[in-house]
1. Run the dipole for the chain about the Cα centre, Lys and Arg Cβ at +1, Asp and Glu Cβ at -1, nothing else charged, and hand back the magnitude in debye, nearest 20.
2. Given points 7 Å out from each Cα along the Cα-Cβ axis, report the K79 to S126 separation in nanometres with one decimal.
3. Taking only the C-alpha atoms, wrap a convex hull around the chain and report its volume per residue in Å³ as a whole number.
4. Can you tell me which of R72, R105, R153 moves the most in a GNM of the chain? Springs connect C-alpha atoms under 10 Å apart.
5. Let me have the 222 nm mean residue ellipticity of the chain computed from DSSP H runs of 4+ only, each contributing -39500 (n - 2.57), with the sum over all residues rounded to the nearest 500.
6. In a shell of Cβ-Cβ distance under 11 Å around G144, excluding G144 itself, what net charge do Lys and Arg (+1) and Asp and Glu (-1) give?
7. In whole angstrom, note down how far apart the Cα centers of region 82-140 and region 1-51 are.
8. Roughly what % antiparallel, to the nearest 5, for the DSSP beta bridges in region 5-227?
Amino acid sequence: MGKRLDISYVMPCLNEETTVGQCIDEAKAFIKENALRGEVIVVDNGSTDGSVKAALAHGARVIPEPRRGYGRAIRTGLKHTRGSVIVIGDCDSTYDFRHCGNFYRPLAEGEYDVVIGDRFSGGIESGAMPPLHKLGVPFLSWCGRMRFGTGVRDFHCGLRAVTRSALAKMRFRTTGMEFSTEFIASAAGAGLRIGQTPAVLRRCTKKRQSKLRTFPDGLRHLEYILTH
Ligand SMILES: Nc1nc2c(ncn2[C@@H]2O[C@H](COP(=O)(O)OP(=O)(O)O)[C@@H](O)[C@H]2O)c(=O)[nH]1
Ligand SMILES: [Mg+2]
């Protein structure tokens with residue numbers, strides 16, 4: 001198991017060679033500025049580009065998870081963490097991991113068990129979110145709030161944090177994008193204290209393709225909400 005740390009970052013990664021290095025650097029900057037003991041874990045989901053090389057060059061621990069899926073990648077990464085607080089986020093440079101104080105502090109101080117980012121209060125840079133998602137995310141989040149009895153506003157924000165002890169009470173079964181919904185449902189079901197904080201969604205300036213497929217992934221969220 002190795003020694004306990006203050007913070008672990010878990011970044012699911014599928015072909016993000018242009019951005020993963022920057023994300024690792026930003027996470028490390030937060031760790032250093034706050035004098036924490038920390039680690040950055042990149043879960044490689046079968047990338048065929050230079051993601052693994054870039055992640056290693058920037059000093060991340062790389063965990064391979066060849067079975068595809070956003071949820072699968074994160075779940076595998078979580079098993080390898082050593083931090084008392086775990087921050088999860090995309091490595092596509094849309095979240096600035098230098099500004100994780102609002103995620104880390106309430107968990108480290110015991111105020112909450114889980115903190116979910118809210119891009120609608122944090123701000124969405126122009127072009128960072130397709131117009132359809134600006135309608136779909138609030139709609140699916142509303143469905144999720146009704147179904148799971150929580151006040152979470154942005155069910156699909158990729159930036160979120162959880163304590164190690166809370167994680168032990170959560171159960172996951174999903175493997176795809178619907179994991180972001182399951183994560184909140186599971187926290188609410190376990191009676192955990194869920195906080196929310198503004199998260200800025202940056203526009204990715206590098207050449208990259210979003211892996212999210214609007215309709216199939218949107219339907220997977222809806223299906224999860226309806227059937228669990
Ligand atoms: N969609 C998707 N993303 C994956 C997968 N495996 C790892 N990822 C990573 O999960 C994060 C979320 O994907 P992204 O395309 O940014 O989705 P979006 O933020 O909802 O547009 C990125 O860091 C991806 O590299 C996968 O199988 N599918
Ligand atoms: Mg993303």
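Taken together, the values in this text are just the output of simple stated rules run on the coordinates, not laboratory data. Remember, predicted model here, so these are calculated numbers, not experimental data. Because the Cβ atoms are built from the backbone with ideal geometry, glycine has one as well, and the counts that use them run over all protein chains shown.
1. Dipole size: approximately 420 debye.
2. Using points 7 Å along Cα→Cβ, the separation is 4.6 nm.
3. So the per-residue Cα hull volume is 113 Å³.
4. Residue with maximal mean-square fluctuation among R72, R105, R153: R105.
5. Helix-only estimate at 222 nm: -11500 deg cm²/dmol.
6. Cβ neighbours under 11 Å give a net charge of 0.
7. 16 Å
8. 25 percent
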